Structures are given as C-alpha cells and as structure tokens.
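The values are calculated or read from the model by the stated rules, or taken from the named source; none is laboratory data. Everything quoted here is computed from the prediction, not taken from an experiment. Here Cβ is always computed from backbone atoms with ideal geometry, including for glycine, and neighbour counts include all displayed protein chains. Heavy atoms of the whole protein, side chains included, go into the accessibility calculation; ligands, DNA and RNA do not. Shrake-Rupley method; radii C 1.70, N 1.55, O 1.52, S 1.80 Å.
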Amino acid sequence: MFSSKEKYKACIYTRLSKDDGDKPESDSIGNQKALIRDFIKNHPEIEVVSEKTDDGYSGVNFERPGFKEMMDEIRAGQVDCVIVKDLSRFGRNYIEAGNYIERVFPFIGVRFIAINDSYDSKDQNQSDSLIIPFKNLINDAYCKDISVKIRTQLDIKRKKGEFIGAFAVYGYLKDSEDHNKLVVDTFASEVVRAIFRWKLEGLSQGDIAERLNAQGVLCPMEYKLSLGMKVQTNFRANRKAVWSWSSVSRILTNEIYTGVLVQGKVSTPNYKVKKFMKKDESEWIRVEQSHEAIIDEDTFRVTQELLKKDVRRGPERGRVYPLSGYLVCADCGQNMIRKSAVSGGKKYFYYVCSGHKARNDCKPHSIREEELFDGVLTAMQGHVKVVADLKRMMETLESLPEDQRNVVNYDVQIVKLKEDVERNQGFKMKLYDNLQDGLINQDEYFMFKKTYSEKIAEAEKAIRHLEQEREDAVSRNASEQSWTEVFLKYRNLTEIDRKAVVDLIEEICIYDDKRIVVKFRYMPDFEKTLKMVSAFPSDMLEAAM
C-alpha cells in the first residue's frame, strides 16, 4: 500500500476519442494538459517527469499505447503518481477503471488524482471516494449509449447508400463536396476495366499482376500513397508494394464496380470488444445504383462464373487454354483434362475425363484437340448465325404496324377465358343452394366445389400468361434484345478464341461416342425470342423481309 511522501514523480495522462462522444473543444488534449499543469502549480510536492497521450483511442479498453508506456514507467519505478483531468479521461470501462484505482495503484503505491472529480487517493478519508465506483459506472453507461447511437447512425447512412469507409476502393475517389459519395477515378477505373478484360481473355490473376507490374502501374496501396493519402495496411510485404494474385482477385470479386454498394459485412460484438467479426450475408446492407458503375453487370457475372471454373494455364502459351474450365464429361460431370501423346513421331493433344479412373461406371471419353476445336467452332458459328437471323426477324417485326404485329389475337382468347372464370364462379356459388335444396349431398358439394376452383385457377393462370405474351409481342424494344449483340460480335469467327468462348458458352459436354454438346449462354432469352418469332406466320415474315 502506498504511504504519504514528500515528493511524487508524476505522469500527466491525457486521452481523447470521438468514438466515446468526447467534445473536441472542451476535452482537447491541450485543454487537459493546461488544466493539469495549473493544478500542479498549487502542489509543490508533485514533480512532472512524464507525459503520455492517447489521441483517438477509446476509453472502453486499456489497450492503448500511451497508457501501456505509462504502466511500464510505473513498474520501472520512474513514476509513482498519475494525474488526469477526470475519471472519463482515464477510462470508461467501470470494471477495469475501478480495478486500477482501487486495487492496482494502491498495491504498488501509486497516487492517483482525478482533478474535476475531486479525487486524490492520498486523502484516504475523503467521502468522495465512495462515489468513484458510481462515476465509473456512469462513464461506462455513457460510452455504451454513444456506441449504440453511432451504430444506428452508421446503419442509416449505409441504407441510404452513403459510403462510410475511411478510403474509397481502388477505381473510385470520394467526392470532394460529399465524402459519403463515390465518384469514378479516371485513371484507376481504366486499370480496373483492363483487369476484367484480361481475365475474360484468358489471363490468370498471376499473369495480370505480372503485366501490371511490368507496365509500372502502381498497386492500390501505392496509388493511394501517391495521392497523398495516409494509408496503413497489413497487405504490404515489401518496401514497395506491388500487384499480386490476391490484389487482382480482390478487384475481380468486388461487386462495388457494378454500382452496388455492400457495407456492414463485419462488426464488433459490442462497444467493449474491438475485434471485428464477419456478419452473416443476410445482415449485409446492399444498395444498388448507389454510384456510377465501372463494370457492367453481365461482365461481372461472367467473371464470377469464370473464377469458379478449374482453369489451368498452358506453359507454352503464357495464358489459359481456350476451352479450359468449360469441358466436362457428359456422364460423370467431372472436368476433362488435356494430355499429350506421340504418334508416328508427331506430338498431338487430346482430352480425357479426369474421373474415369476413380469410377468404374465412367469411360475416358477421349477426344483429340483438333476434332474438339472443329466441333466447338462449328457449333459456335451455327448458333451465331441463328441469333443473327432472329435479330433480323425481330427488327422486321419492330417495323410492322402494331395491329399487324399482334397477329395472334390474344384479346379474343383472354375474353373467352374470363367468361369461363365467370361461368365457373357462378356454378360454384349455386352449389350451396343446391346442397340446401337437396339436389346434391355433402360429398358431391365438396367434390364440385374443388373442381370449379381448379378450373377457375387454371383459367386465371392462362390469362396471366396470355397477357404477358401480348405485352411481349406489342412492346418489344432493342434494349430487351441486347443479349443478341454479344453473339453478333462474333459473326466473322474463324477460329476458337478464348474471349469468344467466355462470352458465348456456359459448358461443353463430351460424350463417349465423341459427340459434343455446347450449352450456350442466354438460352432463356434465346428461347423466349424464338417463341415470339414463331407466333407469326412465316409468309408474313418472308414478305416483310
């Protein structure tokens, strides 16, 4: 226990944190130090030997650099008196603050003074010491209240689509007039577009990183530093950070580039625990069209599908094989792998099922690369031609008057179906009267009621379907057919191209009899368009074209 001394070696301790709801003006570090020095003038027995400050650190926990340095000096015997402006500057966790004030400091003989709370541990008989635990509790409760308010306010901002991060993600900058709004960074956005383009062309994340480093493009952290931002990161491994597989992957998987702002992915359990924990995806706050997109949604979706595939790079090509990640065994669903062999002194390549050796019920499904490429190219060229024909037919139909476009008389069918609904509803309403009159029994009542209800439901479903078809037939427009433009880019395709494969194909199934089935992208749109065109008489289309 400490005893009264003639001289005390004091440490002035100050702290400030906006997280705790501190008022910057009245609680500023300068004001705290001025008040403490003014107090010391009237206490000649106190000699200041140290000053420690924690600016920007919460008082909820005691893991603060300035506080730790002060405790090290106390343990070394360099300090035996601690002076703070008030108890809230010392800490806002009533359990830990009380432990230091009532147990630790008295045990090691350290005098503790909280000026505005009129507390001095040297005066062991003061009545105010009884109030200290309550003041610590109030400080703790105040901190909790501020934490709840801050969390609520941040959630409100997130739901409004306001960006609340410390730094804008690479490719964007904070608006100079509104720091909660993201604007496109002209230079960095072009790098982002190039990264997505190279990925779709067949480069791996590692290849993209090597290309960016060779071109002298600054990685995200170095780019922020070049703009004068004070950035601290755990991703820096070398003296100067460079592009890496992980930095490229972070960009390729970040939905923010499509104009979607996803925030609130991590949080702390409560105001006392500062360790961040991942939240369930259902709790994330997602706001679409919150800022200008750099990458369109379709490009982003295709990229995500590509990242999930087993894509291997050809060592002699420096990039992935054209069909890598798209070939699957039609029987077992395993990926097809590329192998080489020599025949007649000439090397050739072929593909086999990767799982046939582990499965007794699956065969190799072996197919030569030249044969495979020829089959896939033919399928692609044929499908592109069909899409081009559909596009031309749709444009022809667009040019026709509305009454001619609507050749299928949807209105007549809809009117007839509505009459059926009314008739069956009438029959259904008469059932109860028939039951009361004894014309039908109870079992027949429920049977007929069920039958009429089913007929009504079927007719209403058919009406909704016809109304949708009528709307599609009358109000088609070019934007609804934008998917066709993806295929029309490859009208002059003469060889297998990685970009074309990524844009047009979802999967290629290889059968044991060497049959090749290519599953193209946008098939729901293709089938819908085909169905709409098929609703028109062929002679009308031929005459119009």
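Some points to look at:
- Some residue of region 431-444 being of a type in the set (Gly, Ala, Ser) and either assigned to a helix (DSSP H, G or I) or at pLDDT 90 or above (or both): no
- The residues listed here are GLY161, GLY171; of these, the one that is farther than 22 Å from LYS279 by Cα, at pLDDT 75 or above and surrounded by 15 or more Cβ atoms within 10 Å (Cβ to Cβ) is GLY171.
- Here LYS41 clears all of (1) free of Cβ contacts under 8 Å to residues at least 12 places away in the same chain; (2) in contact with a helix residue (DSSP H, G or I) (Cβ under 9 Å, 6 or more places away or on another chain) except the condition numbered (2).
- For the residues ALA209, ALA241, ALA188, the requirement of being touching a Pro at 6+ places or on another chain (Cβ under 9 Å), modelled with pLDDT of 90 or more, buried (at least 19 other Cβ atoms within 10 Å of the Cβ) and among the small types (Gly, Ala, Ser) singles out ALA188.
- Test result for VAL384, β-branched (Val, Ile, Thr), buried (at least 16 other Cβ atoms within 10 Å of the Cβ) and assigned to a helix (DSSP H, G or I): yes
- Filter result (modelled with pLDDT under 90 and crowded, with 18+ Cβ neighbours inside 10 Å) within region 244-268: GLN263
- Matching entry among GLY355, GLY375 (being more than 19 Å from VAL518 (Cα to Cα), surrounded by 15 or more Cβ atoms within 10 Å (Cβ to Cβ) and out of contact with any helix residue (DSSP H, G or I) (no Cβ under 6 Å at 6 or more places or on another chain)): GLY355
- Residue tally, condition under 16 Å from LYS52 (Cβ atoms) and either open to solvent by less than 70 Å² (accessible area, probe 1.4 Å) or modelled with pLDDT under 75 (or both), over region 9-22: 8
- Checking the stated criteria, THR484 turns out not to satisfy the condition of being farther than 30 Å from ASP331 by Cβ and modelled with pLDDT of 90 or more.
- Going through (1) more than 22 Å from ARG498 (Cβ to Cβ); (2) in a loop (DSSP other than H, G, I, E, B); (3) modelled with pLDDT of 85 or more one by one, THR233 falls short only on (3).
Every residue, every condition in (1) modelled with pLDDT of 75 or more; (2) of a type in the set (Gly, Ala, Ser); (3) surrounded by fewer than 17 Cβ atoms within 10 Å (Cβ to Cβ); (4) not in a loop (DSSP other than H, G, I, E, B), yes or no:
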residue: GLN304; (1), (2), (3), (4): yes, no, yes, yes
residue: ARG317; (1), (2), (3), (4): no, no, yes, no
residue: VAL328; (1), (2), (3), (4): yes, no, no, yes
residue: GLY333; (1), (2), (3), (4): yes, yes, yes, no
residue: TYR350; (1), (2), (3), (4): yes, no, no, yes
residue: LYS363; (1), (2), (3), (4): yes, no, yes, no
residue: ASP389; (1), (2), (3), (4): yes, no, yes, yes
residue: VAL408; (1), (2), (3), (4): no, no, yes, no
residue: LYS416; (1), (2), (3), (4): yes, no, yes, yes
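- Region 174-185: number of residues that are open to solvent by 20 Å² or more (accessible area, probe 1.4 Å) and either assigned to a loop (DSSP other than H, G, I, E, B) or under 17 Å from ASN213 (Cβ atoms) (or both): 7
- Evaluating VAL84 against the criteria (1) modelled with pLDDT under 90; (2) in contact with a helix residue (DSSP H, G or I) (Cβ under 6 Å, 6 or more places away or on another chain) leaves one unmet condition, (1).
- Filtered residue count, region 441-470, keeping only those that are exposed (fewer than 15 other Cβ atoms within 10 Å of the Cβ) and either touching a residue at least 24 places away in the same chain (Cβ under 8 Å) or of a type in the set (A, V, I, L, M, F, W, C) (or both): 6
- Condition met for TRP284 (open to solvent by 70 Å² or more (accessible area, probe 1.4 Å), at pLDDT 90 or above and on the phi < 0 side of the Ramachandran plot): no
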